[in-house]
Amino acid sequence: MQTYSGPCRSVLYIPGSKPRALEKAQGLAVDAIIFDLEDAVSPDEKIAARDLLAETLKTAEYGPRRRIVRINGFDTDWGAEDLKAVAASGPDAVLLPKVDGGADIAKLAEMLDAIPAAKDTTIWAMMETPRGILNAAEIAAAPRMEGFVLGTNDLAKDLRSTGRAAMMTSLQLCLLAARAEGLICVDGVYNAFKDDEGLRAECAEGRDMGFDGKTLIHPAQIEIANAAFGPSEEELALARRQIAAFEEAKAAGQGVAVLDGKIVENLHVASAQRILAQAEAIARLEG
C-alpha cells in the first residue's frame, strides 16, 4: 500500500516521554521521525508518554517530516491504548514492534479501520525477530503496509550473533520482500553515535545493498545519513547524461546507447530517472 514517495534517508528515534526532545525534533533536518513509546520509555512512564505524544501530534508542527509512532506490542498492557490515543491524533504511520507474521499487521489494520482519524494512516513493521524475517514476504503484502524498519539490535540478540555479517541473510530477505511489494525499507541503527567513520561506512554498505535510509539514535547522525543515502552531484550528472544519450540513440532508431564505453539500456534509464526523482523529492523536503 505504499503511499509516501518522499525520501527516508534519515529516520530518527525520539522518546515519546521527553518534551524537550519532541520540541527540538521540529527543527531537525531529518526525513522522518519515529516517536517511540516502546523501548525508549520505561514502564512507569508509559501512560504519561502516551498522553504527551498524543497531544504533541495534535499541536506541534513537524513540517514535511514523516511522523511515525512506534507503539507497544499488543501483548503488553499498553499497546491497544497506545493505538487508540495516538491514532486519533493522525500520525502518518504506526510502527508495530516485533512483527512475526502477516496476521499481526492484519489485526492492526482492522483496528485502524475503526478509527476515523486514522483513515490515511499507514503501517510500518519492525523486522526484528527470526520468525518475522522468515515471514517477511507475507508481512510486506499485508493490509496498509508502507515500510519495514530493521531492528538489528533485537535481531542480533535472538540470533545470538555478533557483527553485521551474521545478519546479511536477514537484511537481504527483508529487502527482497519490501521491493516485491513496493515498500520502503530502512536499515537498523548504528549504536556508536560518536563514531562518525563507522556510521559512514555502515551507511555506505546499507545504501549499496539497497536500503532507502537508516534509523538513527542521535541527531548528530543525521548529516551523515542524509549524505550517504542521497544522490551525489556526480551521480546526478551521470543520470542526466545517460537519459540524454539514450534519447539520442532512440531518435536515431537504436534500442541502446553507448556512454563512456558502457551500454545504456532501458533499465539504466529507469535507474537514472529514479535518482533524479529522489533529488527532486529531497529538494522539496528541504525547501
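The values are calculated or read from the model by the stated rules, or taken from the named source; none is laboratory data. Everything numeric in this text was worked out from a predicted model, so none of it was measured. Glycine also receives a Cβ, built like all others from the backbone with ideal geometry; neighbour counts cover every protein chain displayed. Note: areas computed on protein heavy atoms with side chains; ligands, DNA, RNA excluded. Shrake-Rupley method; radii C 1.70, N 1.55, O 1.52, S 1.80 Å.
Among the residues of the range 40-54, what is the count of those that are touching a residue at least 12 places away in the same chain (Cβ under 8 Å) and of a type in the set (Asp, Glu)? Result for the range 40-54: 2. Among residues of the range 255-279 that are within 16 Å of Gly230 (Cβ to Cβ), those with a Cβ under 8 angstrom from a residue that is in a helix (DSSP H, G or I) and of a type in the set (S, T, N, Q), sequence gap 6+ or separate chain, pair up as Ala272/Gln242. Note on the range 20-38: residues that are open to solvent by 10 Å² or more (accessible area, probe 1.4 Å) and in contact (Cβ under 8 Å) with a residue 12 or more places away in the chain amount to 6.
Kindly indicate whether any position in the range 83-90 is open to solvent by 40 Å² or more (accessible area, probe 1.4 Å) and farther than 26 Å from Ser170 by Cα.
Checked the range 83-90: at least one residue is open to solvent by 40 Å² or more (accessible area, probe 1.4 Å) and farther than 26 Å from Ser170 by Cα.
As a summary of the residue check, Arg131 satisfies the conditions (1) surrounded by 15 or more Cβ atoms within 10 Å (Cβ to Cβ); (2) among the basic types (Lys, Arg); (3) more than 17 Å from the chain's Cα centre (by Cα) except for the one numbered (1).
Would the range 238-245 turn up any residue that is over 23 Å from Ala25 (Cβ atoms), among the charged types (D, E, K, R) and over 22 Å from the mean Cα position of the chain (by Cα)? Yes, the range 238-245 contains at least one residue that is over 23 Å from Ala25 (Cβ atoms), among the charged types (D, E, K, R) and over 22 Å from the mean Cα position of the chain (by Cα).
Checking the condition surrounded by 14 or more Cβ atoms within 10 Å (Cβ to Cβ) and either within 16 Å of the chain's Cα centre (by Cα) or closer than 25 Å to Ala272 by Cα (or both), which residue from Leu199, Leu176 passes? Answer to the check: Leu176.
How many residues are assigned to a helix (DSSP H, G or I) and either touching a strand residue (DSSP E or B) at 6+ places or on another chain (Cβ under 8 Å) or of a type in the set (S, T, N, Q) (or both) if we restrict to the range 251-285? Working first, answer last.
In the first step, residues of the range 251-285 are kept if they are assigned to a helix (DSSP H, G or I); the result is 251, 266-285.
With either touching a strand residue (DSSP E or B) at 6+ places or on another chain (Cβ under 8 Å) or of a type in the set (S, T, N, Q) (or both) added as a condition, the list becomes 266, 271, 273, 278.
Summing the residues that are assigned to a helix (DSSP H, G or I) and either touching a strand residue (DSSP E or B) at 6+ places or on another chain (Cβ under 8 Å) or of a type in the set (S, T, N, Q) (or both) in the range 251-285 gives 4.
Taking every residue in the range 191-203 that is more than 16 Å from Asn153 (Cβ to Cβ) and pairing it with any residue that is open to solvent by 70 Å² or more (accessible area, probe 1.4 Å), at least 6 positions away or on another chain, the pairs with Cβ-Cβ distances below 9 Å are Arg200/Ala227; Cys203/Ala227.
Rundown of residues vs (1) touching a Lys or Arg at 6+ places or on another chain (Cβ under 9 Å); (2) open to solvent by 10 Å² or more (accessible area, probe 1.4 Å), yes/no style:
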| residue | (1), (2) |
| --- | --- |
| Gly63 | no, yes |
| Leu96 | yes, no |
| Thr122 | yes, no |
| Pro143 | no, yes |
| Glu146 | no, no |
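Okay, residues lined up against (1) among the β-branched types (Val, Ile, Thr); (2) open to solvent by 40 Å² or more (accessible area, probe 1.4 Å):
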| site | (1), (2) |
| --- | --- |
| Gly182 | no, no |
| Val186 | yes, no |
| Asp208 | no, yes |
| Phe211 | no, no |
| Pro219 | no, yes |
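Go through the residues of the range 232-239 one by one and say whether even a single one is within 17 Å of Ser10 (Cβ to Cβ), surrounded by fewer than 17 Cβ atoms within 10 Å (Cβ to Cβ) and touching a residue at least 60 places away in the same chain (Cβ under 8 Å).
In the first step, residues of the range 232-239 are kept if they are within 17 Å of Ser10 (Cβ to Cβ); the result is 232.
So of that shortlist, the ones also surrounded by fewer than 17 Cβ atoms within 10 Å (Cβ to Cβ) come out as 232.
Then keep just the ones that are touching a residue at least 60 places away in the same chain (Cβ under 8 Å); that gives none.
Among the residues of the range 232-239, not one is within 17 Å of Ser10 (Cβ to Cβ), surrounded by fewer than 17 Cβ atoms within 10 Å (Cβ to Cβ) and touching a residue at least 60 places away in the same chain (Cβ under 8 Å), which makes the answer no.
Among the conditions (1) outside any helix (DSSP H, G or I); (2) out of contact with any Asp or Glu (no Cβ under 9 Å at 6 or more places or on another chain); (3) at pLDDT 95 or above, the only one that Ala204 does not satisfy is (1).
In the range 57-69, the residues that are closer than 18 Å to Ala85 by Cβ and charged (D, E, K, R) form Cβ pairs under 6 Å with partners that are in a loop (DSSP other than H, G, I, E, B) and open to solvent by 10 Å² or more (accessible area, probe 1.4 Å), at six or more places apart or across chains, as follows: Lys58/Ser89; Arg67/Asp92.
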